[in-house]
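Trainee: My questions will all concern the structure given below.
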Amino acid sequence: MSDRATAAVRRTAIVIGGSTAGLLTASVLATRFDEVTVVEADRLPAGPAHRKGLPQARHAHLLWSGGVAALEDLLPGVTGELVGQGAGLIDVMKDLVSKAPSGHWFRRFTDSRHNMIVCSRDLLDAVIRADVLGRPRVTLRDGTRVAGLVGDRGRVTGIRISDDDELGVLHADLVIDASGRGSRTPDWLTELGLPPVVERVVDAGVAYASRVYEAPPATTAVPRYPVVNVQADPRNAPGRGGVLIPIEGGRWLVTVSGTRGGQPTADPAEFGPFALTGLKDPIIGRLIANAKPLTDPVTTRSTANRRRYYENAPAWPEGFAVIGDAVAGYNPVYGHGLSVAAQSAIAVREVLDRHAAGAPGTARRIQRAVARPVGNAWNLAVGQDAYYPGAAPEPPTAVERLLTAYVDKAVAAGSENPRALHGLLDVMSLKTAPTRLFAPDMLWNIFFGGRKGPLGEVPLSAAERAAAGLEG
């Protein structure tokens, strides 16, 4: 075959955004395209470091077991690499100390089927970035802004870029937007002559403040110091919550949050008191009272649940799809964004396993496949947040009300019954769809299963209390 003929059949793809969703999708496309170009507006760091376009990276992130499984499926060995660099792989039922919105502490059990990766977002991103960008078919063009799509309402054939103040065009057989919450796809589609896409926003008015501490030295001798989580109550506004996560380097990452009328600030003098007296339990404030702060607090207010229903668009161009936070962003308190990103990349892979990238309808199939993991996380998030005053112009839907009421019952049962907690975590970890909550075993455990009785105080062991310098 001549060089010209070879070039003619060369398949190329573009991913807009070097986000987690973008990089994981690029890893999938690299097995099906000759060249995959990741176009990113920021200059990406070489290692674990903060980047300007990801302010939320400074706050606590959790990768639930559904996301851990998806991440390992996409990048085999990545979990071991993360652990080798200091991340924790924790047993959720044993190593997560959590207070339910109802006010009761979950009991700690030892027979978990669920794990969770805990580390800084900078470390997680750096390990994923090194893996994906180290692949021979993947090319990064960072410091490059995407100005729009090339093509028409029937097919997207590339993107317009601005690189060092020079305008240009990159052509591709498939373009995927993974540019996050700031995605401009709604505007780009209307520029192509397509109708506006339906969008829904549920904004609980949550603000986050996070600070990094040097953990008390004795806590590093405990086999795995637990994550400590005090959940907010959507029915008792303002909803205030907090989480303390042991991360790499012998540090604690502490994030506190509050809805309208009870939001934390960036004032260092107010961070400890907010954790001590502003939450439904003072345990996080007591823990950090004995820890040395390493950073000033940083705040974020871009926390609304926002979903764009691209899968329902009456017309969709070939050669283009949207993924990750560009489709739906969630209140970070639920820790689902990273897991949805990984599961969405797998959804892209499954579509491309069955349909050629250039075949008619493939792009729409991708969009509809991505909507499944998005929808699971969305229903869980808005079913809670829609109850905060001013969160949405319309009340929760019937499905959301039903799911919320049922989750409340499952949470109550799970705090006292390990079998009920298993089923609840199957859903909360995004390993299974919310319909898992209605399985016969869950119905039995929720309404008839044995209960150990509620816990009124934080279930830290004597060794954990002593290591953190707590009295009693």
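The values are calculated or read from the model by the stated rules, or taken from the named source; none is laboratory data. Bear in mind that the values here come from a model prediction, so they are computed numbers and not experimental data. As a convention, Cβ positions derive from the backbone with ideal geometry for all residues, glycine included, and neighbour counts pool all protein chains shown. For accessibility, only protein heavy atoms count, side chains too; no ligands or nucleic acids. Shrake-Rupley method; radii C 1.70, N 1.55, O 1.52, S 1.80 Å.
Trainee: Consider Ser162 against the criteria (1) assigned to a strand (DSSP E or B); (2) open to solvent by less than 30 Å² (accessible area, probe 1.4 Å); (3) out of contact with any Phe, Trp or Tyr (no Cβ under 9 Å at 6 or more places or on another chain); (4) touching a residue at least 24 places away in the same chain (Cβ under 8 Å): it satisfies all of them except one. Which criterion is unmet?
Mentor: Result: Ser162 passes all but (4).
Trainee: Does Thr157 qualify as being within 26 Å of Ala363 (Cβ to Cβ) and touching a His at 6+ places or on another chain (Cβ under 8 Å)? Steps first, answer last, please.
Mentor: On the way: within 26 Å of Ala363 (Cβ to Cβ): yes; touching a His at 6+ places or on another chain (Cβ under 8 Å): yes.
It is true that Thr157 is within 26 Å of Ala363 (Cβ to Cβ) and touching a His at 6+ places or on another chain (Cβ under 8 Å).
Trainee: Scan the stretch 108-118 and tell me whether some residue there is of a type outside the set (A, V, I, L, M, F, W, C) and in a strand (DSSP E or B). Quick ask: steps written out before the conclusion?
Mentor: Within the stretch 108-118, the first condition is being of a type outside the set (A, V, I, L, M, F, W, C), and the residues that meet it are 108, 110-115.
Next, from what is left, pick out any that are in a strand (DSSP E or B): 115.
There is at least one residue in the stretch 108-118 that is of a type outside the set (A, V, I, L, M, F, W, C) and in a strand (DSSP E or B).
Trainee: I've got another one for you. Is it true that Val175 is among the β-branched types (Val, Ile, Thr), surrounded by 24 or more Cβ atoms within 10 Å (Cβ to Cβ), at negative phi and touching a residue at least 60 places away in the same chain (Cβ under 8 Å)? Don't jump to the end; show me each part of the working.
Mentor: Working: among the β-branched types (Val, Ile, Thr): yes; surrounded by 24 or more Cβ atoms within 10 Å (Cβ to Cβ): yes; at negative phi: yes; touching a residue at least 60 places away in the same chain (Cβ under 8 Å): yes.
Considered against the rule, which asks whether it is among the β-branched types (Val, Ile, Thr), surrounded by 24 or more Cβ atoms within 10 Å (Cβ to Cβ), at negative phi and touching a residue at least 60 places away in the same chain (Cβ under 8 Å), Val175 comes out as yes.
Trainee: Among the residues of the stretch 350-371, is any modelled with pLDDT under 85, open to solvent by less than 10 Å² (accessible area, probe 1.4 Å), over 30 Å from Thr110 (Cβ atoms) and among the β-branched types (Val, Ile, Thr)?
Mentor: Within the stretch 350-371, not a single residue is modelled with pLDDT under 85, open to solvent by less than 10 Å² (accessible area, probe 1.4 Å), over 30 Å from Thr110 (Cβ atoms) and among the β-branched types (Val, Ile, Thr).
Trainee: Just checking, which of Pro186, Pro195, Pro136 is on the phi < 0 side of the Ramachandran plot and part of a helix (DSSP H, G or I)? Walk me through it before giving the result.
Mentor: Working: Pro195 fails: part of a helix (DSSP H, G or I); Pro136 fails: part of a helix (DSSP H, G or I).
Criteria check complete, one pass: Pro186.
Trainee: Applying the selection to the stretch 433-457, what residues are open to solvent by 50 Å² or more (accessible area, probe 1.4 Å) and β-branched (Val, Ile, Thr)? Before the answer, list the steps.
Mentor: To start, the set of residues in the stretch 433-457 that are open to solvent by 50 Å² or more (accessible area, probe 1.4 Å) comprises 435, 438, 440-441, 443-444, 447-448, 450-452, 454, 456-457.
Thr435 - this is the single residue of the stretch 433-457 that is open to solvent by 50 Å² or more (accessible area, probe 1.4 Å) and β-branched (Val, Ile, Thr).
Trainee: Additional query: Select from the stretch 240-271 the residues that are in a loop (DSSP other than H, G, I, E, B) and not charged (D, E, K, R) and list them in ascending order. Steps first, please.
Mentor: Going through the stretch 240-271, the residues in a loop (DSSP other than H, G, I, E, B) turn out to be 248-250, 259-267.
Those that are in a loop (DSSP other than H, G, I, E, B) and not charged (D, E, K, R): Gly249, Gly250, Thr259, Gly261, Gly262, Gln263, Pro264, Thr265, Ala266.
Trainee: Right, something else. Mind checking which pairs have a first residue in the stretch 189-201 that is of a type outside the set (A, V, I, L, M) and a second that is surrounded by 18 or more Cβ atoms within 10 Å (Cβ to Cβ), Cβ under 6 Å, 6 or more apart or different chains?
Mentor: That search, which allows pairs on different chains as well, returns Glu199/Arg308; Arg200/Arg307.
Trainee: A further question on this structure: Checking Thr37 against (1) part of a loop (DSSP other than H, G, I, E, B); (2) open to solvent by 10 Å² or more (accessible area, probe 1.4 Å), which test does it fail?
Mentor: Tallying (1) part of a loop (DSSP other than H, G, I, E, B); (2) open to solvent by 10 Å² or more (accessible area, probe 1.4 Å), Thr37 fails exactly one: (1).
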